[in-house]
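The values are calculated or read from the model by the stated rules, or taken from the named source; none is laboratory data. Just so it is clear, the structure is predicted and the values come from calculations on it, not from any experiment. Positions of Cβ are generated from backbone atoms using ideal geometry, with glycine treated the same way; all protein chains shown enter the neighbour counts. SASA here: full protein model, heavy atoms, side chains in, ligands and nucleic acids out. Shrake-Rupley method; radii C 1.70, N 1.55, O 1.52, S 1.80 Å.
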Amino acid sequence: AISLVSFAGWLYFGALADALMVAVAVLIVACPCALGLATPTSMMVGISRGAEMGILIRNGKVLERARKITTVVIDKTGTLTHGKPSVTDVISQTEGRGRLLSYAASAEFGSEHPYAKAIVAAARETGTAWASPQQFEAMPGKGIRAVIDGEEILVGTPRWLMEKGIALSSYQEEVERLSEEGKTPVVVAVNRKVYGLIALSDTLKESAKGLVAALHRMGIKVILLTGDHHGVAQIIAHETDIDQVISEVLPTDKAAKIKELQQAGEQVAMVGDGINDAPALAQADVGIAIGTGADIAIAAADITLMGEDLRRVVNTLSLADATIQNIRQNLFFAFLYNTILIPVAAGWFYPLFGILLSPILAAAAMGLSSISVTANALRLKSFKEKTYIPGDYHGRQL
Ligand code: ADP
Ligand code: MG
């Protein structure tokens, strides 16, 4: 429209050649190339910079959400901890320790759970023999049920066994004591009678404490979400300065907890690694999977972090911030060129200053605006990883 009006105006006051020149110059300079480039170029560069830092971002849209995050929810096993627990205690008041471990290892042999692997490894180390179960059933977030030679073996959380009506009786105190030491108590019951306890402990990642500190500095609240025993979760939260603990949550309820937070007005990022985290990763505004975790967690997440260093969570959030800011700068540049140069091309400044934009210069200016937008986007290449996070936490056995 501006081009047509300019054409008519120039035709009225001047020659046809001038009118044509002005009309074409306006058309060229108004072409919103730079505007079209502004967003995708920044996203592309931001995403590729992320990949260099071991942050795999599925699409650009998630960056917009990532910079608005107010709460980060972190899974415990395998995310905040290494996820390679080991057996620390084997306690039985009636059976030999070897016998207890043998029952547990027989039941756990087929399970993928890190605790199952730790129990089988402990049996292997101590030279304990085990049998293979005839029946085998995993209860996500609870434990395992197996039948061996007609004996029903349950290995799982104290809570699950109590739900099944199996009394912990004299082991109750041991459960409390172990969890206060930061160990996860797992109960072994044979034919609905408690035979003993196995305690497992995992090590915190070196980057765990630094992650929480850095998130706090960004004004973000940190919540620990785990299926593990309350006492253990509390200790880890205390060690790492985590604000809130949601523990003894079944895998099926993890997503519901995220939803509750969202309904309370929080923008939630979930960081997790396990099969049990997948629904929560999908529910969260931003799902971040740890690359060493389960495939389904990675599939459900928007972002996958390579390796197990948690500093990448902070880098993800600041990269998102830098990318969105870069897009805004680009949009500003793109609009700036068009808004300044359209009136010049239309010949508004001709009567006063004799300034006119020839179509050739208009084309050059268009090119320049695209170049400036692209060049600005490329600045994201030099986005610096945050180095201020102290790596002062050396995998202490909890
Ligand atoms: P997290 O949320 O920390 O990743 P899970 O949901 O996998 O933990 O498990 C929650 C709890 O259920 C564990 O702390 C453990 O006590 C118990 N549990 C789950 N599977 C097993 C198993 N195969 N053997 C023993 N205990 C188990
Ligand atoms: Mg986990």
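Shape call for segment 111-223 from the C-alpha gyration tensor, a ≥ b ≥ c root eigenvalues: rounded (a/c under 1.5), prolate (a/b greater than b/c) or oblate? The shape class here is prolate. The order of the peptides 12-23, 314-325 by mean Cβ neighbours within 10 Å, most packed first, is 314-325, 12-23.
Give me the net charge for the shell around Leu380: Cβ to Cβ below 12 angstrom, other residues only, Lys and Arg +1, Asp and Glu -1. Each step should come with its number before you reach the end.
On the way: positive: Arg49, Arg379, Lys381, Lys384; negative: Glu52, Asp321.
Charge balance near Leu380 sits at +2.
Using the crude model of +1 on Lys and Arg Cβ and -1 on Asp and Glu Cβ, and no other charge, please compute the dipole size for the chain relative to its Cα centre, in debye to 20. Show your work: numbers first, answer last.
Working: 35 positive and 39 negative charges, 210 e Å.
Here the size comes out at about 1000 debye.
Rounded to the nearest 10 degrees, the inclination of helix 114-125 to the longest alpha-carbon principal axis of the chain is 50 degrees. Taking the Cα centre of segment 245-302 as origin and assigning +1 to Lys and Arg Cβ atoms and -1 to Asp and Glu Cβ atoms, the resulting dipole is close to 60 debye.
The phi-based Karplus calculation (6.51 cos²θ - 1.76 cosθ + 1.60; θ = phi - 60°) puts the 3J(HN,Hα) values of segment 92-101 at 8, 8, 10, 9, x, 4, x, 5, 4, 5 Hz, whole numbers, x for Gly and Pro.
Could you compute the net charge surrounding Arg145? Neighbours are other residues with a C-beta less than 12 Å from the C-beta of Arg145; K and R count +1, D and E count -1.
Values: positive: Lys142, Lys164, Arg192; negative: Glu108, Glu137, Glu151, Glu152.
Taking every other residue near Arg145 into account, the sum is -1.
The amide H of Tyr195, built 1.01 Å from its N in the peptide plane, has Val188, Ala189, Val190 as neighbours under 5 Å, considering only residues 5 or more places off or on other chains. With θ taken as phi - 60° and the Karplus curve 6.51 cos²θ - 1.76 cosθ + 1.60 applied, the whole-hertz 3J(HN,Hα) list for segment 77-86 is 5, x, 10, 7, 9, 5, x, 10, x, 9 Hz, x standing for glycine and proline. Only Lys, Arg, Asp and Glu carry charge here, each on its Cβ (+1 for the first two, -1 for the last two); on that basis segment 87-207 has a dipole of about 180 debye about its Cα centre. Quick one: grab the alpha carbon gyration tensor of segment 80-145, order the square roots of its eigenvalues as a ≥ b ≥ c, and give me rounded if a/c is under 1.5, else prolate or oblate depending on whether a/b is larger than b/c. In terms of gyration-tensor shape, oblate. For the peptides 31-44, 288-301, the ranking by mean Cβ contacts within 10 Å, running from highest to lowest, is 288-301, 31-44.
Rolling a 1.4 Å sphere over the protein heavy atoms, what is the accessible area per residue of the chain, to the nearest Å²?
Values: 18100 Å² over 398 residues.
Each residue of the chain exposes 45 Å² on average to a 1.4 Å probe.
For segment 108-143 versus segment 160-214, the inter-centroid distance based on Cα atoms is 16 Å.
Name the most mobile residue of Phe353, Phe383, Phe136, meaning the one with the largest mean-square fluctuation, in a Gaussian network model of the chain with Cα contacts below 10 Å. Top of the fluctuation ranking is Phe353. For the chain, the longest principal axis of the alpha carbon atoms and the long axis of helix 33-52 meet at an angle near 30°. Taking amide H as placed 1.01 Å from N in the peptide plane, the amide H of Thr88 sits under 5 Å from that of Ala199, Leu200, Ser201, each at least 5 places away or on another chain.
Our coupling estimate for segment 279-295, obtained by passing each phi through the Karplus curve with A = 6.51, B = -1.76, C = 1.60 and θ = phi - 60°, is x, 5, 4, 6, 6, 4, 4, 10, x, 10, 9, 8, x, 7, x, 6, 4 Hz, Gly and Pro reported as x. Rounded to the nearest 500, the 222 nm mean residue ellipticity of the chain from helices alone is -15500 deg cm²/dmol, with -39,500 (n - 2.57) taken per DSSP H run of at least 4 residues.
Taking amide H as placed 1.01 Å from N in the peptide plane, the amide H of Asp228 sits under 5 Å from that of Glu248, Val249, each at least 5 places away or on another chain. Taking the C-alpha atoms only, the angle from helix 359-378 to the longest principal axis of the chain is near 20 degrees.
If we sort 342-349, 105-112 on the protection proxy, mean other Cβ atoms within 10 Å, highest first, what's the order?
On the way: 342-349: 20.1, 105-112: 21.6.
Top to bottom by mean Cβ count within 10 Å: 105-112, 342-349.
At a Cα cut-off below 16 Å, give the lysines reachable from Lys193, other chains included and same-chain residues fewer than 8 away excluded. Result set, ordered by chain and number: Lys164.
A dipole drawn for the chain from +1 and -1 charges on Cβ atoms has a positive end, and of Thr77, Val90, Leu178 the residue lying farthest that way is Thr77.
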